[in-house]
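Each remark here refers to the structure printed beneath this line.
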Amino acid sequence: MGGVLLDMGSASGLPSGRLDWRGREALLAYLRERGTHFEEADLDRRLFDPWRRAYEKRHQKGREAPWAPHLRRLRLGTGVRSSDLTLLGVWFRPYADSVRPLPGARRALEQLRRRGLRLALVSNVPLPGRLYREILQRFRMAAAFDSIQFSYDTGSRKPSPAMLRAALADLGVAPARAWMVGDRRAADVAAGRIAGVGTVWVRGDDGGGPEPDYSIAGVAELPDLIARQA
């Protein structure tokens, strides 16, 4: 998703810098409107710092760090009864509003669908998938996919091939007839190789990993590449 379809602004898909600050200010305002007097240090102590410690272990555990126990701690400290998704959404919204489609991404999806191809999205994300799905819906991209697999929701993250295999099952497509397209060789290309599908790397500064079958400069080149392989 990020680096292929959307310019997420950061490799993590998380608010950072000024957008993180704006999100925290929005969350503090939300809590204060409901009668609590938390400061940013309180947010760090009860929510963000413990989550970050768990987040640093995501690679060795092979799954995303859960937010639920930390949001429960926040609710106990504030008395606010809002859902996990609501609280995270308040913080996430300034960042989500900054995300934009990459050049040619929407047109590429349209071209692939017109050719009768079935599409799945398989993405490592550190927050509930609904927050990212709403971004895709805003840009009229979500409907292009017959299956959407987000690591936070599925309990597995690439390079494990679990999400990719689940997507193949949803599509009813054999691995030999599928392609994995991603901008991270250590995650996307590695997962594709394990699952036995063809691999296409969207070139970028990704830190290295297995060599792909093909590489492209951007997703706008994908329809022509797939057409040549048909």
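Matching residues to (1) under 30 Å from Phe145 (Cβ atoms); (2) among the basic types (Lys, Arg):
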position	(1), (2)
Met8	yes, no
Glu25	no, no
Asp42	no, no
Arg58	yes, yes
Glu64	yes, no
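Tallying residues that are under 19 Å from Leu112 (Cα atoms) and either in contact with a Ser or Thr (Cβ under 6 Å, 6 or more places away or on another chain) or surrounded by 16 or more Cβ atoms within 10 Å (Cβ to Cβ) (or both) within the stretch 150-173 yields 6. Residues in the stretch 101-149 that are touching a Ser or Thr at 6+ places or on another chain (Cβ under 9 Å) and of a type in the set (Ser, Thr, Tyr): 2 in all. Any chance the stretch 91-100 includes a residue that's among the acidic types (Asp, Glu), surrounded by fewer than 19 Cβ atoms within 10 Å (Cβ to Cβ) and under 20 Å from Ser156 (Cα atoms)? So far as the stretch 91-100 goes, no, none of its residues is among the acidic types (Asp, Glu), surrounded by fewer than 19 Cβ atoms within 10 Å (Cβ to Cβ) and under 20 Å from Ser156 (Cα atoms).
Taking the stretch 81-90 as the search range and keeping residues that are of a type outside the set (S, T, N, Q) and either in a helix (DSSP H, G or I) or touching a Gly at 6+ places or on another chain (Cβ under 8 Å) (or both), which one is surrounded by the fewest Cβ atoms within 10 Å (Cβ to Cβ)? Among those residues, the one meeting the criterion is Leu85.
With respect to Gly182, determine if the residue is in contact with a strand residue (DSSP E or B) (Cβ under 8 Å, 6 or more places away or on another chain), assigned by TED's automatic domain parsing to the domain that holds Arg113 and in contact (Cβ under 8 Å) with a residue 40 or more places away in the chain. So Gly182 passes the test. When residues in the stretch 187-206 are screened for being surrounded by fewer than 16 Cβ atoms within 10 Å (Cβ to Cβ) and under 14 Å from Gly3 (Cα atoms), 3 of them pass. Any residue in the stretch 164-171 that is under 26 Å from Arg93 (Cβ atoms), in contact (Cβ under 8 Å) with a residue 24 or more places away in the chain and under 15 Å from the mean Cα position of the chain (by Cα)? No, the stretch 164-171 contains no residue that is under 26 Å from Arg93 (Cβ atoms), in contact (Cβ under 8 Å) with a residue 24 or more places away in the chain and under 15 Å from the mean Cα position of the chain (by Cα).
Of all residues in the stretch 182-215, those being hydrophobic (A, V, I, L, M, F, W, C), touching a helix residue (DSSP H, G or I) at 6+ places or on another chain (Cβ under 6 Å) and closer than 18 Å to Ala166 by Cβ number 3. Scanning the stretch 1-35 for residues that are surrounded by fewer than 17 Cβ atoms within 10 Å (Cβ to Cβ) and among the hydrophobic types (A, V, I, L, M, F, W, C) turns up Ala11, Trp21, Ala26, Ala29.
The values are calculated or read from the model by the stated rules, or taken from the named source; none is laboratory data. The structure presented is a predicted model; accordingly, all values stated were derived computationally and were not measured. Reconstructed Cβ throughout: ideal geometry from the backbone, glycine too, with neighbour counts over all protein chains shown.
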